[in-house]
Amino acid sequence: MKNFKRVSVVILAGSLLLTGCNQGGGKAGTVDMMKLMQSPELKTISQSMMTQDKSAQTELKAAYDAMQAANSAAQKAKGSSSAQAQAKAAQAKFSGMMASFQKQQQSQQAELKTDVTVAIETVAKSKGLSVVYVKQAVLYGNDEDVTKDVITQLQNAKK
């Protein structure tokens with residue numbers, strides 16, 4: 001569920017980049033983010049991210065446990081440079097793995113944001129829309145709903 005929320009936030013942020021004031025009086029469209037999140041394409045991406053996260057979390061837990069064990073051993077063997085070196089090495093390994101995990105998550109989120117943004121831009125251009133709003137943020141309006149077109153564009157882009 002945490003990853004689903006994270007993916008939702010990434011997509012929402014990406015789509016908000018495409019919103020703005022419709023000052024030119026051109027046509028506007030909306031994207032229903034709830035429907036977009038339920039699309040098979042984004043569900044697949046979300047599940048893939050969750051699978052990778054679970055695998056990485058298992059590895060991180062093992063590294064954390066090893067670091068804790070090394071720290072405990074170093075405290076018991078006060079003055080032992082070997083135990084201290086092992087504790088520092090375990091901590092460095094854990095820190096490196098954590099940084100790599102965070103970098104991987106950021107990369108996945110950026111890729112997802114780009115994919116959604118490009119799909120929305122492509123649909124907007126093909127339909128002659130000057131702006132696309134997140135449907136959940138529109139209180140009133142009769143704008144064209146382009147959600148299905150964006151989902152189709154995402155599916156076609158991955159083929």
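The values are calculated or read from the model by the stated rules, or taken from the named source; none is laboratory data. Note that the structure is predicted; figures quoted are calculated from it, not measured. Every residue, glycine as well, gets a Cβ built from its backbone with ideal geometry; the counts of neighbours run over all protein chains shown. The area values use the complete protein model at the heavy-atom level, side chains included, leaving out ligands, DNA and RNA. Shrake-Rupley method; radii C 1.70, N 1.55, O 1.52, S 1.80 Å.
Run the quick spin-label model on Ala99 and Lys125: label points 7 Å from Cα toward the beta carbon, then report their separation in nm to one decimal.
3.8
Mind checking which of Gln102, Val150, Val123 is farthest towards the positive end of region 90-156's charge dipole, using Cβ charges of +1 (Lys, Arg) and -1 (Asp, Glu) about the Cα centre?
Gln102
So, in nm, how far is label Ser81 from label Ala157 when the simple model puts each one 7 Å beyond its Cα toward the Cβ?
So the two model labels end up 5.6 nm from each other.
Quick check: convex hull of the Cα atoms in region 77-159, volume per residue, rounded to a whole Å³?
It comes to 149 Å³ per residue, whole-number rounded.
Between Ser107 and Gln38, what FRET efficiency follows from the Cβ-Cβ distance if R0 is 22 Å, with the result rounded to 0.05?
It comes to 0.35.
Counting only protein heavy atoms, what percent of the accessible surface of region 21-120 is carbon or sulfur at a 1.4 Å probe?
That fraction is 54 percent.
Could you list which residues have their amide H under 5 Å from that of Asp145, counting only those 5 or more apart in sequence or on another chain, with H placed in the peptide plane?
HN-HN under 5 Å from Asp145: Thr30.
Using r as the Cβ-Cβ distance of Thr51 and Tyr140, and R0 as 35 Å, what FRET efficiency do you calculate, to the nearest 0.05?
0.30
So with the 1.4 Å probe, I'd like the accessible area per residue for region 62-157, rounded to whole Å².
Result: 63 Å² per residue.
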